1. Helix 6-21 against the longest principal axis of the chain: what's the angle in degrees, Cα atoms only, rounded to the nearest 10?
2. Tell me the mean residue ellipticity at 222 nm calculated for the chain from its helices only (DSSP H runs of n ≥ 4, each -39500 (n - 2.57), averaged over every residue, nearest 500).
3. To test your reading of the geometry: what angle, between 0 and 90 degrees and rounded to tens, separates the Cα axis of helix 81-95 from the longest principal axis of the chain?
4. Please give the FRET efficiency for Ala60 paired with Ala11, using the beta carbon to beta carbon distance and R0 = 22 Å, rounded to the nearest 0.05.
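Taken together, the values in this text are just the output of simple stated rules run on the coordinates, not laboratory data. Computed from a predicted model, the values in this text were never measured in an experiment. No Cβ is skipped: glycine too gets one built from the backbone with ideal geometry, and neighbour counts run over all protein chains shown.
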Amino acid sequence: MIPVDTPSVTAEVNRILQAVLGDFGADMPISPDSTFRDDLGMESIDVVALAGRLQARYGAGVNLAQFVASLDVDSVRELRVGQLVDHIVLSMNRADGRP
C-alpha cells in the first residue's frame with residue numbers, strides 16, 4: 001500500500017515535480033506554498049506530465065484534471081503544491097475507505 005500521510009505525499013510530489021521540471025528545477029526549492037505557475041514556472045505541458053506521473057503513482061483516484069476543473073480561474077492560477085498534496089491525501093484516503 002502506498003503511504004498517504006502528508007509528509008510521504010509531500011516528498012513524493014516534490015520528487016515528481018523535480019523530474020517534470022528537469023534541469024530547470026534542479027536547484028529550485030519546492031515548498032507547500034510554492035505556486036505551480038509563478039514560483040515553479042510550470043507551463044500547461046508540464047502540468048500534463050505531472051498529471052500522468054501522479055496517476056501512474058497513485059492510480060485513477062488522483063485525477064489532477066478533475067481537481068483543477070473544480071477550481072475557479074483565480075484558484076487555478078494560484079494553485080499551490082500543498083493544495084495538491086492535500087487533494088492526493090484526501091483522494092487516497094477516500095479510496096481506502098478512510099474518513
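1. Around 40 degrees separate the two axes.
2. Details: 5 runs with 57 residues, N = 99.
Theoretical 222 nm ellipticity from helices: -17500 deg cm²/dmol.
3. Once rounded, one gets 20 degrees.
4. Numbers: r = 22 Å, r/R0 = 1.00.
The calculated FRET efficiency here is 0.50.
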